[in-house]
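Every read-out reported here was derived from the displayed coordinates using simple, explicitly stated rules and does not represent laboratory data. Computed from a predicted structure; not experimentally measured. Heads up, the Cβs are rebuilt from the backbone with ideal geometry, glycines too, and the neighbour counts pull from every protein chain shown.
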Amino acid sequence: MKKAGLYIHIPFCLQKCNYCDFFSVRADRFKNILSAALSPFVLRLAEDIKIQADKFSISEWDTVYIGGGTPSLLSPDDLFYLSSQILAAQRNSPKEFTVEINPEDLNKEFLSAAAQGGVNRFSVGIQSLNDEVLRACKRRGERKLSLSALELLRTKKDLILSCDLIAGLNKQTFDILKDDIETLLAFKPEHFSLYALCSNTRVSAEKDDEIAELWSYGKNILEKNSYNKYEVSNFSYKNSYKSIHNEKYWRLEDYIGVGPGAFGSIFFNKEALPASVNADAHEHAYLHSHAHALRFSAIKNIDKWMTAKNRDDVYEYETIDEKEFIEEAFMMGLRLTEGIDRSFFKSRFGKDITVFAGKTISKWLNRKEAVLTEKRFYLTEKGFLYLNLFLQDLFQEIDTLF
Ligand code: SF4
């Protein structure tokens, strides 16, 4: 039996923000599964959580993250039911239990249901406090509603507050971003995520530069106020409130995703692949005698996800072989400011990182754009700007080994 993170995807939104690439559908089309006192959607989620825990022999969710879409569209009763079901099934509470909210949805009932259900961290999708910017990206909400939500959240002690902002939104200026961050600082959030606008829609090189400049400007304000950047887009106050759940993604630790459109990833020795995982994944896995991961995703068809009797029909499994897994360990690990933990890497792949990437690492050490210590390997701030070049070198080197 083992511990893992749990991600729950609530794929409903009231309207689509124009920059958003996440999987979400219009909530009003699914009133039938969302609006009962205890909604069929949440009952189905709770069942899947149990099924997945049994399948992968998980005795404890040590982190839980309810994301979306818009989790704050769940009723307080639904949120309480879902979280209390998770807590009731295990001995210890999760170290971190986050729910994402759109600030305009928050009310006292939702907040108290969350707190009673064991939620200890709120990730608030502010994105911008400027009403004109919000309208320009077709995002619901208003500055005054965001500020009231933050005031309400701050009435609860022991709740970690994380604020999400995006740099590069239409109509956003340097002054607007500065005002947003300074206004939020008054609420003393423990954590910020500052994303550079990124969407599948292509933007001009000029717009790309503008986004990068705005993001750097925001980053500098955060750093001056003691928020340390510990990952590409994430900052924690005095390095003390890093997101434990999100770190699992970057460190390639086990997590299970439940709900339409959710992803999960779990590490296995080949002998340990669960028998109930489909035959193709099994056959593929047994061809490889080394470390591999099993990645899975839930289908994005809500009706099918709700009604399928055999739950294996709605979660697709794929094994990641050792080569791809190693490449991913570098890609994700180097997103972290502290980089890759060498002993953890060795515990996964049986050998030190220098065995797979010795030439590339030497080249980048010579360029003084990377640092290798006994414990870690990371790129310097300048080196990180050339992450893609580093990965190109690395993939070529790894290609020669497999
Ligand atoms: S509310 Fe969030 S998930 Fe929904 S469309 Fe906007 S950014 Fe995307």
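Within the stretch 143-160, what residues put their amide N at less than 16 Å from the label point 7 Å along the Cα-to-Cβ vector of L87?
156-160
Could you give the nm distance between label points at N170 and S216, where each point is 7 Å from its Cα heading toward the beta carbon?
2.7 nm
Looking at the chain as a GNM with Cα springs under 10 Å, which of P103, P94, P40 has the largest mean-square fluctuation?
Residue with maximal mean-square fluctuation among P103, P94, P40: P40.
Which of the lysines could a cross-linker span from K309 if the Cα-Cα distance has to be under 20 Å and same-chain partners fewer than 8 positions apart are dropped?
K309 reaches K50, K55, K300.
Starting from the Cα-Cα distance between F263 and D399, subtract it from 0.36 nm times their residue separation and give me the gain in nm to one decimal.
46.2 nm
Starting at the first residue of the stretch 348-361, write each ³J(HN,Hα) from the Karplus equation 6.51 cos²θ - 1.76 cosθ + 1.60 with θ = phi - 60°, in whole Hz, x for Gly and Pro.
Result, ordered by residue: 7, 10, x, 9, 6, 4, 5, 5, 8, 9, x, 5, 5, 4 Hz.
I'd like the distance separating the alpha-carbon centroids of the stretch 77-99 and the stretch 100-166, in whole Å.
So the two Cα centres are separated by 20 Å.
Express as a percent, rounded to the nearest 5, the fraction of DSSP beta bridges in the chain (both residues included) that run antiparallel.
Values: 26 of 61 bridges.
Counting only bridges with both partners in the chain, antiparallel ones make up about 45 percent.
Expected output is a single nm value to one decimal: the length gained when fully extending between K224 and V203, i.e. 0.36 nm times separation in residues minus the C-alpha distance. What is it?
4.6 nm
Select from V258, G218, F235 the residue farthest towards the positive end of the dipole of the stretch 215-265; place +1 on Cβ of Lys and Arg, -1 on Cβ of Asp and Glu, and compute about the Cα centre.
It is G218, whose Cα lies furthest towards the positive end.
Given R₀ = 41 Å, what would the calculated FRET efficiency be for K50 paired with T155, taking r from the Cβ atoms and rounding to 0.05?
Numbers: r = 34 Å, r/R0 = 0.82.
Given R0 = 41 Å and the Cβ-Cβ separation, E is 0.75.
Hey, can you rank 170-177, 52-59 by average C-beta count inside 10 Å, highest first? Mind showing how you got there, number by number?
On the way: 170-177: 15.8, 52-59: 17.2.
Going by the mean number of other Cβ atoms within 10 Å, highest first, we get 52-59, 170-177.
In terms of Cα to Cα distance under 19 Å, which aspartates and glutamates are near enough to K351, apart from those fewer than 8 places away along the same chain?
Reachable aspartates and glutamates: E253, D321, E322, E324, E327, E328, D341, E374, E397, D399.
Any of K16/K323; K188/K248; K31/K144; K238/K363; K229/K359 with alpha carbons more than 30 Å apart? Name them for me.
Table pairs above 30 Å Cα-Cα are K16/K323; K238/K363.
Sum -39500 (n - 2.57) across every DSSP H segment of at least 4 residues in the chain, then divide by the residue count to get the 222 nm mean residue ellipticity, nearest 500.
-12000 deg cm²/dmol
I want to check the label-to-label distance for E381 and D21. Put each point 7 Å from Cα in the C-beta direction and report it in nm to one decimal.
2.7 nm
Given Cα pairs under 8 Å that are at least 6 residues apart, what percent is the relative contact order of the chain?
Dividing the mean separation by the residue count of the chain yields 13 percent.
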